[in-house]
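A.B. asks: Below you'll find the structure I mean.
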Amino acid sequence: MRLIIPTFAKLNLTLRVVKKRPDGYHNLVSTFMKIPSGDVLYISESTAGIDIVNANIPLKGENIVAKALRIAREEGFRIPPLNVKIHKSIPPGSGLGAGSGNAAGVLKLFGAERVAARVGADVPFLCSENNFALVSGIGDHIEPVNTHEIHGVITIPNWETETKAAYDELDSIGYEVDIMLARKEARDIYYANAGRKVGLLPNDFLKVLMKKHPKYNELFRIFQEADADCWGVTGSGSAAFAVLKETVKFKWPDYVRHVLYF
């Protein structure tokens with residue numbers, strides 16, 4: 001068996017952290033949009049009799065694909081030892097959930113989507129067939145939304161964000177978001193790219209990110225001058241994006257290391 005599986009990433013067009021739960025996770029309200037990641041999994045049965053997972057970009061800690069396989073087996077799914085080579089196009093720490101998309105690709109291959117929430121907050125959405133959804137809870141409540149196509153640009157700067165550290169810092173600052181307001185903000189994005197200017201989209205992690213990286217202001221100015229309908233930061237960063245009516249030729253600052261169009 002040798003399989004080649006392309007996987008997806010996501011944009012958080014809006015992201016509100018509602019509260020920290022007793023189990024340490026956070027409830028959120030977010031607008032999720034699925035995008036091609038460029039990441040590809042090369043999967044074959046392992047002749048060594050153990051899982052072998054590696055990637056062309058160094059990954060820290062337990063790889064989320066290995067974690068997904070471990071949890072799926074714990075839940076009773078019969079999965080042989082695998083050799084998984086991950087060709088990554090999106091670097092870690094960008095807030096695009098490409099790693100979660102890798103995990104979703106493996107879970108879907110073995111019909112193990114029901115364990116997705118145990119693997120990671122973005123994995124249930126990336127396991128779903130939805131391209132656009134209002135997501136709440138810890139990422140496990142998914143409300144599909146039918147909407148027009150949204151196009152734009154994503155910039156990945158030369159700094160990374162570690163999600164747990166970002167949540168810890170946000171907890172230290174404090175937040176209090178009304179869940180109904182958060183849902184309204186999320187639904188407002190459906191009108192973007194349809195003739196209504198929205199501007200900077202709400203993301204609670206901006207409180208943390210702007211202090212460390214004021215260069216986001218320059219990116220937001222570039223997006224605004226390009227007549228973008230809206231712009232913001234995805235997840236806990238570092239990637240910044242803009243929703244555009246048409247493709248624009250940009251002159252990017254030297255700290256932008258990757259640019260993706262969707």
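What follows draws every value from the coordinates through simple rules; no lab data is involved. Values in this document were obtained by computation on a predicted structure and should not be read as measured data. Here Cβ is always computed from backbone atoms with ideal geometry, including for glycine, and neighbour counts include all displayed protein chains.
A.B. asks: Could you please find all residues in segment 41-62 being under 18 Å from GLY101 (Cα atoms), touching a residue at least 12 places away in the same chain (Cβ under 8 Å) and part of a loop (DSSP other than H, G, I, E, B)?
C.D. replies: Once the filter is applied, which keeps residues that are under 18 Å from GLY101 (Cα atoms), touching a residue at least 12 places away in the same chain (Cβ under 8 Å) and part of a loop (DSSP other than H, G, I, E, B), segment 41-62 yields ASN56, ILE57, LEU59, LYS60.
A.B. asks: Could you run through segment 63-112 and say how many residues are within 27 Å of ALA242 (Cβ to Cβ), among the small types (Gly, Ala, Ser) and in a loop (DSSP other than H, G, I, E, B)?
C.D. replies: Counting residues in segment 63-112 that are within 27 Å of ALA242 (Cβ to Cβ), among the small types (Gly, Ala, Ser) and in a loop (DSSP other than H, G, I, E, B) gives 5.
A.B. asks: Return only the number of the condition from (1) more than 20 Å from the chain's Cα centre (by Cα); (2) among the acidic types (Asp, Glu); (3) surrounded by 17 or more Cβ atoms within 10 Å (Cβ to Cβ) that GLU45 does not satisfy.
C.D. replies: For GLU45, the exception is condition (3).
A.B. asks: Tell me which of these THR147 doesn't satisfy, since it passes every other one: (1) out of contact with any helix residue (DSSP H, G or I) (no Cβ under 6 Å at 6 or more places or on another chain); (2) more than 30 Å from LYS67 (Cα to Cα).
C.D. replies: All conditions are met except number (1).
A.B. asks: Looking at ARG196, ARG183 in this structure, which one is touching a residue at least 24 places away in the same chain (Cβ under 8 Å) and surrounded by 17 or more Cβ atoms within 10 Å (Cβ to Cβ)?
C.D. replies: Working: ARG196 fails: surrounded by 17 or more Cβ atoms within 10 Å (Cβ to Cβ).
None of the others qualify; the one that does is ARG183.
A.B. asks: Just to be sure, is ASP227 over 25 Å from VAL29 (Cα atoms), in contact with a Leu (Cβ under 9 Å, 6 or more places away or on another chain) and free of Cβ contacts under 8 Å to residues at least 60 places away in the same chain?
C.D. replies: Details: over 25 Å from VAL29 (Cα atoms): yes; in contact with a Leu (Cβ under 9 Å, 6 or more places away or on another chain): yes; free of Cβ contacts under 8 Å to residues at least 60 places away in the same chain: yes.
Criteria met by ASP227.
A.B. asks: Give segment 157-179 a look and list any residue that's farther than 22 Å from GLY120 by Cα, hydroxyl-bearing (Ser, Thr, Tyr) and either touching a helix residue (DSSP H, G or I) at 6+ places or on another chain (Cβ under 9 Å) or surrounded by 13 or more Cβ atoms within 10 Å (Cβ to Cβ) (or both), or say none.
C.D. replies: Matches in segment 157-179: TYR175 only.
A.B. asks: Among the candidates ALA121, ALA116, which residue alone is surrounded by 15 or more Cβ atoms within 10 Å (Cβ to Cβ), out of contact with any strand residue (DSSP E or B) (no Cβ under 7 Å at 6 or more places or on another chain), part of a loop (DSSP other than H, G, I, E, B) and not hydroxyl-bearing (Ser, Thr, Tyr)?
C.D. replies: Working: ALA116 fails: part of a loop (DSSP other than H, G, I, E, B).
Just one listed residue meets the conditions, ALA121.
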